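Written below as structure tokens is the structure these notes are about.
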Amino acid sequence: MVNRISLRDIAKELGVHVSTVSLALRNHRKISAATRERVKEAAERLGYHPDPMMGALCAYRQSRQTGYRETIAWIDSYPTTGPYWYEGYFTGATARASGLGYAIERFWLHEKGMTVARLNSVLRSRGTHGVMVAPQPISHAHMRLEWGNFAAVRFGYSLHWPQLHLVTSHQFLNILNCVRHTAKLGFKRIGLAISKYEDERVGRNFSGGYAAAQATIPEANRMPPCIHTTGYRQRVNATLSKSGAMSREILPWVEKYRPDAIIALSGELMGLLEGQGLDIQVVQLALADATAEPTQPGIDERREEIGRAAVEYVADMIRRGERGIPLLPRMLMVPGIWRNQIATKGPIASANQKVGQTFV
């Protein structure tokens with residue numbers, strides 16, 4: 001049986017302490033770049049491979065520790081205080097972090113006296129290694145932290161720079177499922193009405209998924225999406241009732257294409273359509289509160305699960321010693337589930353649907 005190469009073997013080969021080897025292989029910034037490269041070269045030459053079972057044991061021991069917990073920073077960037085639409089991310093992340101032996105500390109960039117330089121200083125002084133960047137209030141946002149010090153992930157596509165590893169809802173798949181389940185309820189002419197701002201924030205996955213779904217619909221029932229300009233110039237979430245988009249863009253689109261169901265993000269669309277005397281089913285692309293009884297059928301994005309996945313990714317990066325902006329950012333996309341707890345409108349829905357359905 002061939003003996004496994006250990007950290008001690010590498011340390012003996014290089015004439016350094018075993019702790020130096022351990023830190024170097026985890027890319028710890030206390031070890032110089034030159035020494036890290038020497039250690040990694042020796043490890044490869046000697047045939048060293050990490051022991052996955054030992055790594056699992058270390059992770060288990062960390063999760064069982066009481067008292068002090070290493071902190072992962074959570075950064076909010078919206079100009080107003082929460083709660084925010086993504087609170088489910090934070091709830092899931094906090095619960096999973098606790099199980100992994102971490103605590104999450106929340107930072108608001110618009111707090112009085114808070115600047116990026118100040119935040120860098122705080123995180124450095126507290127020895128924080130992990131960072132989670134919450135969704136940004138605008139698309140194409142930038143954030144200039146000292147990223148080389150952190151194992152970091154971002155939620156969604158709105159943070160354009162740096163290109164960190166990304167954890168998000170699988171919006172493309174969600175809208176495909178939304179169209180499929182809406183069709184099963186008996187609707188034939190299924191439209192999409194979202195703002196250009198909302199579509200840009202998700203990398204145009206909403207309009208892209210809807211375009212793909214059109215291939216599954218008979219040609220006679222296909223229609224282009226209504227990509228309206230609500231909030232686009234201000235780059236903010238805006239209400240349809242105050243924007244003028246309802247009369248200016250959505251109603252002319254409805255009159256032209258005659259949808260019997262509309263997929264949307266805006267929860268107020270149903271009431272606005274009813275106020276115009278239009279009997280059109282609205283399907284929610286992202287249910288606002290997955291814990292409450294939905295007033296409309298739609299997709300539960302499972303935001304708490306997204307938060308849990310993000311924490312697990314950061315914890316793994318910390319354990320591997322991975323820091324900084326990755327050369328090849330990875331994307332982890334969590335699919336949502338279809339929820340329909342109400343008697344939906346539609347030509348065959350009342351006869352065929354089962355109230356209380358939940359589908360992946």
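Residues that are polar (S, T, N, Q) and under 33 Å from the mean Cα position of the chain (by Cα) were ranked within the range 1-45; the one that is nearest to residue 151 (Cα to Cα) is 27.
Just for the range 203-226: of the residues that are touching a strand residue (DSSP E or B) at 6+ places or on another chain (Cβ under 8 Å) and part of a loop (DSSP other than H, G, I, E, B), which one is surrounded by the fewest Cβ atoms within 10 Å (Cβ to Cβ)? Across the range 203-226, the extreme among qualifying residues is 217. Looking at the structure I just gave you, is residue 102 of a type outside the set (A, V, I, L, M), in contact with a Lys or Arg (Cβ under 6 Å, 6 or more places away or on another chain), in the same structural domain as residue 309 (by TED's automatic domain parsing) and closer than 19 Å to residue 70 by Cβ? Considered against the rule, which asks whether it is of a type outside the set (A, V, I, L, M), in contact with a Lys or Arg (Cβ under 6 Å, 6 or more places away or on another chain), in the same structural domain as residue 309 (by TED's automatic domain parsing) and closer than 19 Å to residue 70 by Cβ, residue 102 comes out as yes. Of everything listed in (1) in contact with a His (Cβ under 7 Å, 6 or more places away or on another chain); (2) closer than 18 Å to residue 259 by Cα, the single unmet condition for residue 187 is (1). Cβ-Cβ distances below 6 Å connect the following pairs, each with a first residue in the range 258-281 that is over 21 Å from residue 220 (Cβ atoms) and in contact (Cβ under 8 Å) with a residue 24 or more places away in the chain, a second residue that is in a strand (DSSP E or B) and β-branched (Val, Ile, Thr), and a separation of six or more residues or different chains: 264/282; 265/194; 269/282; 270/282. Restricting attention to the range 266-289 and to residues that are surrounded by fewer than 19 Cβ atoms within 10 Å (Cβ to Cβ) and under 16 Å from residue 336 (Cα atoms), the residue that is modelled with the lowest pLDDT turns out to be 289.
The residue pairs whose first member lies in the range 93-117 and is of a type in the set (Phe, Trp, Tyr), whose second member is assigned to a loop (DSSP other than H, G, I, E, B), and whose beta carbons are closer than 8 Å, counting only pairs six or more residues apart or on different chains, are 102/69; 107/114; 108/81; 108/114.
Matching residues to (1) of a type outside the set (A, V, I, L, M); (2) out of contact with any strand residue (DSSP E or B) (no Cβ under 7 Å at 6 or more places or on another chain):
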position	(1), (2)
69	yes, no
78	yes, yes
83	yes, yes
95	no, yes
106	yes, no
111	yes, yes
121	yes, yes
137	yes, yes
148	yes, yes
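The values are calculated or read from the model by the stated rules, or taken from the named source; none is laboratory data. Owing to the predicted nature of the structure, the values given are computational and were not obtained by experimental measurement. Neighbour counts run over all protein chains shown; Cβ positions are idealised from the backbone, glycine included.
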